[in-house]
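Let me begin by presenting the structure, written as C-alpha cells, before commenting on it.
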Amino acid sequence: MRYLTIALSKGRLTDLSIELLEEAGIDCSELKKNTRKLILTDEKNRIRFFLAKPSDVPTYVEYGAADIGIVGRDTLLEEGRNLYEVLDLGFSACKMCVAGPKELDGNMDSLTITRVATKYPEIAKEYFRHKRRESVEIIKLNGSVELAPLVGLSEVIVDLVETGRTLKENGLVILDVIADISARMIVNRVSMKMESERISRIIKNLRSCIEKRNEMKAGINI
Ligand code: PRP
C-alpha cells in the first residue's frame with residue numbers, strides 16, 4: 001500500500017492539527033519528536049507527514065506532492081489553488097476583517113479609501129475591487145499590519161481578528177467582516193479519486209471527532 005502524504009501548516013496550526021489527527025487514530029508520535037527530519041511517518045496507517053509554510057501547503061496539494069493538507073481558510077482564499085476543500089476542522093476560528101480607526105466606524109461608505117495595508121493582497125483586492133467597486137492601492141505587509149493606519153501608511157487594513165485584542169489595544173475597530181476563517185482539510189483532486197476509500201475514511205473519522213468536540217462544547221455551555 002502506498003503512503004498517503006499529509007502536508008501540515010507550520011506555526012499556529014501545527015499542534016492543533018496534530019491533536020485532531022491523533023484523536024482520529026493517526027499516530028503522530030514521530031511528528032511530535034524534536035527532529036530535523038522533514039518527512040515523518042505513521043508506518044501502521046501508511047501515512048507520511050511534512051510541515052510546510054502555510055502558504056505553500058495548497059501548492060503541495062494542488063500538484064499532488066501531498067494528497068491531503070491542513071491549512072487556514074485565509075490561506076486558501078489568498079492562494080486560490082485548484083483542489084478540494086473537504087472539511088471545516090473547527091479550530092483556529094477567526095474572522096477576516098476590514099479594520100481601521102474608531103472614527104471611521106459607520107462612515108466607511110462615505111469615505112474615500114485610497115490605501116489598504118494587508119498580508120492578504122488577493123483577498124483585499126477581491127473585496128475592494130469586486131465587492132465594493134472601489135479602486136484602492138493595496139500595500140502588502142508581512143506582519144504587524146495594525147501598525148499601518150497608526151503611522152499613516154494606509155487608512156484601513158485587511159487582517160485576521162481572533163480575540164480582537166490587537167485592534168482594541170491600538171484604538172482600531174472592525175469596519176466590515178469579509179469571511180469566517182478556520183482550519184480546513186484539503187485534498188488533491190486526483191488523490192480524491194485514486195485513494196477515495198482511505199481518504200473518505202480519514203474524513204469520516206475526523207468528522208466524528210469534530211462532532212464529539214462540538215457536543216462537548218455544547219454540553220459545557222448548557
Ligand atoms: C495575527 C493577525 C492579527 C492578530 C489578531 O497576527 O494578523 O495581527 O493575530 O489576533 P487578536 O485578534 O487575537 O489580537 P500574528 O500574531 O500572526 O502576527 P503578525 O501580525 O506578525 O502576522
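Since every read-out is calculated from the coordinates, none of them should be taken as a lab result. These figures come from a predicted structure and were not determined experimentally. Here Cβ is always computed from backbone atoms with ideal geometry, including for glycine, and neighbour counts include all displayed protein chains.
General remarks:
- Across the chain, C-alpha contacts under 8 Å between residues 6 or more apart give a mean separation that, scaled by the residue count, equals a relative contact order of 27 percent.
- With N the number of residues in region 40-117, Rg(Cα) / (2.2 N^0.38 Å) evaluates to 1.60.
- Long-range Cα-Cα pairs in region 1-72 (distance over 21 Å), rounded percent: 16 percent
- Length added when fully stretched, Met108-Ile39, from 0.36 nm per residue minus Cα-Cα: 20.1 nm
- Inverse of mean 1/r across different Cα pairs in region 94-180, Kirkwood, Å: 12.6 Å
- Each listed q (0.07, 0.13 Å⁻¹) maps to a log10 I(q)/I(0) for the chain from the Debye sum over equal C-alpha point scatterers, namely -0.27, -0.82.
- When each of Lys140/Lys212; Lys53/Lys102; Lys125/Lys217; Lys193/Lys217; Lys102/Lys140 is checked by Cα-Cα distance, pairs over 28 Å: Lys140/Lys212; Lys53/Lys102; Lys125/Lys217; Lys193/Lys217
- Choice from Asp159, Asp15, Asp67 with maximal GNM fluctuation in the chain (Cα, 10 Å cutoff): Asp15
- Glu23/Val151 FRET efficiency (R0 30 Å; Cβ-Cβ; nearest 0.05): 0.10
- Working ranking of peptides 68-79, 116-127 by packing, defined as the average number of other Cβ atoms within 10 Å per residue, highest first, is 68-79, 116-127.
- Pairwise FRET efficiency - Ser135 versus Tyr84, Cβ, R0 = 30 Å, nearest 0.05: 0.30
- Most tightly packed first, judged by the mean number of other beta-carbon atoms within 10 Å of their residues, the peptides 89-99, 32-42 read 89-99, 32-42.
- Annotation for region 152-222: GluC sites (Glu not before Pro) lying in DSSP loop with at most 13 further Cβ atoms inside 10 Å of their Cβ are Glu162.
- Hull shadow area, averaged, region 88-134 [alpha-carbon convex hull, nm²]: 4.6 nm²
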